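This report concerns only the one structure given below.
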Amino acid sequence: MPTWTETIDNLFTTTWAYRKEGATEQLFYSTPVIEFLKKRDNVKTVRGALRLEFPLEFANTSNARWITKGSVLPVTDNDYLTEGKDEWKYIAVQIVRYMTDEQKNRGKYQAIDYVQSKLRSAERDLMSTLESAIFSNATAETINGLPDLIKFPWDSNNNVFDWTGATLHGIDQGTNTWFRNQVINNTDANALTVDMRKMFYTLKKLKNPVLNSLVLITNADIEEWYESQLAAKFQIVATQLKGDLGAEGPLTFKGRPIMSSPSAPSDKIYFVNTEFLKLYYDPEYWMEMTEWKPIPNQAGDKLAQIVCTLNLVCTRPAAQGCIGNISL
Amino acid sequence: MSEEVRNEEKVQATEEVNEQVNPLEVLVDKVESLSSKIEDLQAKGSEGEYLSLDDLQDLLSSVEDTKEEAEKVGEDETVRQLKALKAQLEQEIVNLKQQVLEMRILQEVEKCRAKYKDFDEYQKEMLELSGVYPNASVEDLYLLAKAKYGEKKSNNKVKERKEVSLDELRRMLKGEKPTGAVSTGNKAKTALSLAEAAAIAAEEIFKGG
């Protein structure tokens, strides 16, 4: 007969085994960026590699030709692909159990509530940590964030963009201009819509721009400003007695969704092309709960971790854009 | 010999001389007119107008005749020009035949699509079969594909239906979806909510007491 604490161990592990898939879905849908990547089928699995290696795209093969009878097609494959490399990053959320709580929650239904409450809190931690990492610079521990993948290297002393020393996936963006994303410095908030249009057409000028997978990500203040700009242009359709003075559903810019995320910076709009952004994760080390370990010098208290292995990469920075220095 | 007769002889002699010069001029004229006709046809084709196969074949036979004439006269340069024209025309004919074939296939596809509702489901299979039976019509390819792979596809559909009904059943057995779990945006039908997962786990762990 297992002890109560062993029963709780088992309940946590079994609940998590059943919940893992749902928690994964939840995590992927919890932030706009990952949600759009998921929709675009760009959340990919890689099992057990030393590091992440992925093809980068920066041109076409230019091998398509108009032909007539007997024409010969070029057999040389242009070097349009090169390889990017990056490291796996690991995120772990800790679940701590106190003996006193276990003792108080004795009984089947109390135990279920207790486990749910602890795991729910762990899931939320994971979501918020991931969401915040997406808008932060990578560190030795954290994944690549949008500031790494879609840079805004503004040198405010000289009022120029300075790409010196910028690197992404092992490629020097200072010398390899083809591996830079598009940038616009917004000098006047009144001209932000003009800059947005300018960015859109800059991206459109690229060969094969795949603009249908473009998503604009910003913070809530800029999204609110955008809605206020639209307010005068809303069409009121009175078909029944109900009213809504705000926009329903996500706002769009040229048909592309514009959404906010809590940790997004207040001075930037990211033009994220989800076709060329990928989230890699290792399914073998994904949402894995470790065994329960006793905490030294704390009678009966235990802890376990839920570990995820992932990183975010960009295969074509030129198709991404950032408008920065927005001051509303 | 009267003056009149002499004049007549002069005219005849001049005509004879002219006759000796004329074949070359005629040849040059013919080549020029053929070249301009081909250019016209090419312009017509590149503007998207339909070229007539008969026109092209008439032109080809004219070029062939003119080439023979030039060979008789020994006009090497003209023969070379005509050979180039002939090659151009033959190419145009090949292109046109290809276009006609493509149009015919497209028409057949549209016809079959209208006739058979599941036509598009067999695209991949039809493509495979077209490699084996290159002369089969589109309709024959569809019927072949359906006969060969139809059973497999309908089995998949039955399986799909079965899975959906099992899923429904599972949900019914479990009762109403708990609202306490984190539910926003959970779009996976098969993924369990936290409350569902905890309930199933508890059933397993606390069974028998």
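The values are calculated or read from the model by the stated rules, or taken from the named source; none is laboratory data. Source: prediction; values computed, not measured. Here Cβ is always computed from backbone atoms with ideal geometry, including for glycine, and neighbour counts include all displayed protein chains. Remember, those area values only see protein heavy atoms, side chains included, never the ligands or the DNA or RNA. Shrake-Rupley method; radii C 1.70, N 1.55, O 1.52, S 1.80 Å.
Key figures
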read-out: Some residue of the range A:15-26 being out of contact with any Lys or Arg (no Cβ under 9 Å at 6 or more places or on another chain), assigned to a helix (DSSP H, G or I), of a type outside the set (D, E, K, R) and surrounded by fewer than 18 Cβ atoms within 10 Å (Cβ to Cβ); value: yes
read-out: Condition broken by A:Gly246, with the remaining ones in (1) modelled with pLDDT of 90 or more; (2) farther than 25 Å from A:Asn42 by Cβ satisfied; value: (1)
read-out: Helices (runs of 4 or more DSSP H) lying entirely in the range B:45-145 (those with 3 or more residues that are under 30 Å from B:Ser35 (Cα atoms) and within 18 Å of the chain's Cα centre (by Cα)); value: B:76-115
read-out: Matching residues in the range A:12-26 - criterion: being touching a residue at least 12 places away in the same chain (Cβ under 8 Å) and at the interface with another protein chain (Cβ under 7 Å from one of its Cβ atoms); value: A:Thr15, A:Arg19, A:Gln26
read-out: Some residue of the range A:79-100 being modelled with pLDDT under 75 and exposed (fewer than 12 other Cβ atoms within 10 Å of the Cβ); value: yes
read-out: Filter result (touching a Gly at 6+ places or on another chain (Cβ under 8 Å) and closer than 10 Å to A:Ala319 by Cα) within the range A:258-272; value: A:Phe271
read-out: Residue pairs meeting the criteria (Cβ under 9 Å; at least 6 apart or on separate chains; first open to solvent by 10 Å² or more (accessible area, probe 1.4 Å), in the range A:279-290; second among the acidic types (Asp, Glu)); value: A:Tyr280/A:Asp86
read-out: A:Thr187, sole failed condition from (1) open to solvent by 40 Å² or more (accessible area, probe 1.4 Å); (2) touching a Lys or Arg at 6+ places or on another chain (Cβ under 8 Å); value: (2)
read-out: Where A:Val210 falls short, out of the listed (1) touching a Pro at 6+ places or on another chain (Cβ under 9 Å); (2) at pLDDT below 90; value: (1)
read-out: Residue in the range A:154-165 that is surrounded by 11 or more Cβ atoms within 10 Å (Cβ to Cβ) and under 15 Å from A:Lys89 (Cβ atoms) present; value: no
read-out: Residue within the range A:142-151 that is out of contact with any strand residue (DSSP E or B) (no Cβ under 6 Å at 6 or more places or on another chain), without any contact (Cβ under 8 Å) to a residue 12 or more places away in the chain and not acidic (Asp, Glu) present; value: no
read-out: Of all residues in the range A:28-50 being in a loop (DSSP other than H, G, I, E, B) and either small (Gly, Ala, Ser) or touching a Lys or Arg at 6+ places or on another chain (Cβ under 6 Å) (or both), the one that is modelled with the highest pLDDT; value: A:Asn42
read-out: Qualifying residue in the range A:179-195 (condition: over 20 Å from A:Lys268 (Cα atoms) and part of a helix (DSSP H, G or I)); value: yes
read-out: Check on A:Ile8, more than 10 Å from chain B (Cβ to nearest Cβ) and part of a helix (DSSP H, G or I); value: no
read-out: Top-ranked residue in the range A:110-137 [being within 8 Å of chain B (Cβ to nearest Cβ) and more than 29 Å from the chain's Cα centre (by Cα); ranked as most open to solvent (accessible area, probe 1.4 Å)]; value: A:Ile112
read-out: Condition check for A:Phe36: facing another protein chain (nearest Cβ under 10 Å), on the phi < 0 side of the Ramachandran plot and open to solvent by less than 40 Å² (accessible area, probe 1.4 Å); value: no
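Residues are listed down the side, and each one gets a yes or a no for (1) of a type outside the set (Asp, Glu); (2) out of contact with any Leu (no Cβ under 9 Å at 6 or more places or on another chain); (3) at pLDDT below 90:
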{"residue": "A:Ser121", "(1), (2), (3)": "yes, yes, no"}
{"residue": "A:Thr129", "(1), (2), (3)": "yes, yes, no"}
{"residue": "A:Ala133", "(1), (2), (3)": "yes, no, no"}
{"residue": "A:Ile143", "(1), (2), (3)": "yes, no, no"}
{"residue": "A:Leu149", "(1), (2), (3)": "yes, no, no"}
{"residue": "A:Asp155", "(1), (2), (3)": "no, yes, no"}
{"residue": "A:Gln182", "(1), (2), (3)": "yes, no, no"}
{"residue": "A:Lys198", "(1), (2), (3)": "yes, yes, no"}
{"residue": "A:Thr202", "(1), (2), (3)": "yes, yes, no"}
